[in-house]
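What follows is a set of notes on a single structure, which appears directly below.
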Amino acid sequence: MLRFGLRLLVTALAVLLFAYLFRSLIEVDAFLSALLFALLVGLLNAFLRPVILLLTLPLTIIPLGLFTLVVNALIFWLASLFPVGVAVRGFAGAFVAALAVSVVSFVASRMLE
């Protein structure tokens, strides 16, 4: 449970950092909004992402897994549609933000192990 909380906190901080660095792509109202958004992204990643990856399996296999980046951006964009105080501008913003947040979350998870 502690690991989950730390990963959630790191993801929320990554969203806040990215929103601060790239204000034209993503806006976050407050830290609580970023925390709720991180929780929503985690829930969508747990339940919706496997279904999308299964449905798009041929598109994932042919480019050697690069389509997974598009699926991550789609999940990030879908999470921004919920009214939690985070706004993402377009699919390009979701793609870049999802990539940056994924890298930060990956590094943080390796450090927590």
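Using R0 = 30 Å, the C-beta based FRET efficiency linking residue 89 and residue 56 works out to 0.80. Taking Cα atoms, how many degrees apart are the long axis of helix 67-80 and the longest axis of the chain, rounded to 10 and kept between 0 and 90? The answer is roughly 40 degrees.
Computed from the alpha carbon positions, the gyration tensor of the chain leads to an equivalent ellipsoid with semi-axes of 22, 17, 13 Å, biggest first. Pull out a ≥ b ≥ c, the square roots of the eigenvalues of the alpha-carbon gyration tensor of the stretch 70-113, then state rounded if a/c is under 1.5, prolate if not and a/b is larger than b/c, and oblate in the remaining case. It is prolate, given that a/c is not under 1.5 and a/b is the larger ratio. Here each label is just a point 7 Å from Cα along the line to Cβ, and for residue 4 and residue 66 those points are 3.6 nm apart. Summary of packing: across the peptides 56-62, 81-87, 39-45, the per-residue average of other C-beta atoms within 10 Å ranks them, highest first, as 39-45, 81-87, 56-62.
For the peptides 102-110, 67-75, the ranking by mean Cβ contacts within 10 Å, running from highest to lowest, is 67-75, 102-110.
Coordinate-derived values only; no laboratory data. A quick note: this is a predicted structure, and the numbers were derived from the prediction, not measured. Cβ atoms come from the backbone with ideal geometry, glycine included; neighbour counts cover every protein chain shown.
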